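Presented below is the structure to which this report refers.
Read-outs throughout are calculated quantities, based only on the coordinates presented, and are distinct from any laboratory measurement. Every value quoted in this text rests on a predicted model; they were computed, and no experiment measured them. Counting neighbours? That spans all protein chains shown, and the Cβs are built from the backbone with ideal geometry, glycine included.
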Amino acid sequence: MRFLLLTAAVAALAGPCAAQHDMHGAGHGDAAEMAMPPMRSHDEPRVSPNGVVMTTIGTTNVMVHYGRPSLKGRAYFAAGSELAPAGEVWRTGANEAATITFSGDVTFGGQPVPAGTYALFTIPGEPWTVILNKTTEQWGAFNYDAGQDQVRVQAEPMLDAPMQEQFEIRFADVSETSGTLVLHWGTVGVPVEITEAE
């Protein structure tokens, strides 16, 4: 009986949640019909768990899927470091390459980007290079092909961010027309501005 009541309660909650998180853009023509990708799933727990973050900028929905590795005392973002070495293409997380989906056209780091889903790669450095690549189903960056890049933008890292043990992607300063995608690991934060296309 408790199971039936719990199932009914979950179903009741799922309806409003599904409506609230229906990630379709409005006013973007064909892009308005584009469904956002489902959550990543796997059969066993991962050392670096999956993460997802989403926001709405204007009428454009933005969703990021990524893996969340932990530092565990290891060196990162430096030349020759064990984690995400400077100057080398990084999957921007762990496991599968991170992906970012836009339900409408946007400007990403000052560059126009059409609605769609892209792999999110980065090259740590000063400045960082943040890459949107058109090949989304990739494990790590082993088969990364620069010829499939949609855009590459430069981002100045913040080197004194609060300590973050587990890699995190979040949105900050979201307004009616813009928002900032922030990559944060250790004491390094990397901001990229996203604005809705006019």
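General observations
- Kirkwood estimate for region 134-197, i.e. one over the average of 1/r between Cα atoms, Å: 13.7 Å
- Of interest is the spacing of the C-alpha centroids, which for region 79-99 and region 118-184 amounts to 10 Å.
- Peptide ranges 112-119, 56-63 listed from the most packed, as the mean C-beta count within 10 angstrom indicates: 56-63, 112-119
- Computed 3J(HN,Hα) for region 99-109, one whole-Hz value per residue from the Karplus formula 6.51 cos²θ - 1.76 cosθ + 1.60 where θ = phi - 60°, is 10, 10, 10, 10, 7, x, 5, 9, 10, 10, x, glycine and proline marked x.
- Sequence-distant residues sharing a close amide H with residue 58 (under 5 Å, placed H): 177, 178
- For residue 138, distant residues with modelled amide H under 5 Å away: 97
- Stokes-Einstein D in µm²/s, Kirkwood radius over Cα pairs - region 77-148 at 4 °C with 1.567 mPa s viscosity: 102 µm²/s
- In order along region 83-88, phi translates into HN-Hα couplings of 10, 6, x, 4, x, 10 Hz, rounded to whole numbers, per the Karplus curve 6.51 cos²θ - 1.76 cosθ + 1.60 with θ = phi - 60° and x for Gly and Pro.
- Pair residue 137, residue 72: separation of 7 Å Cα→Cβ label points (nm): 2.9 nm
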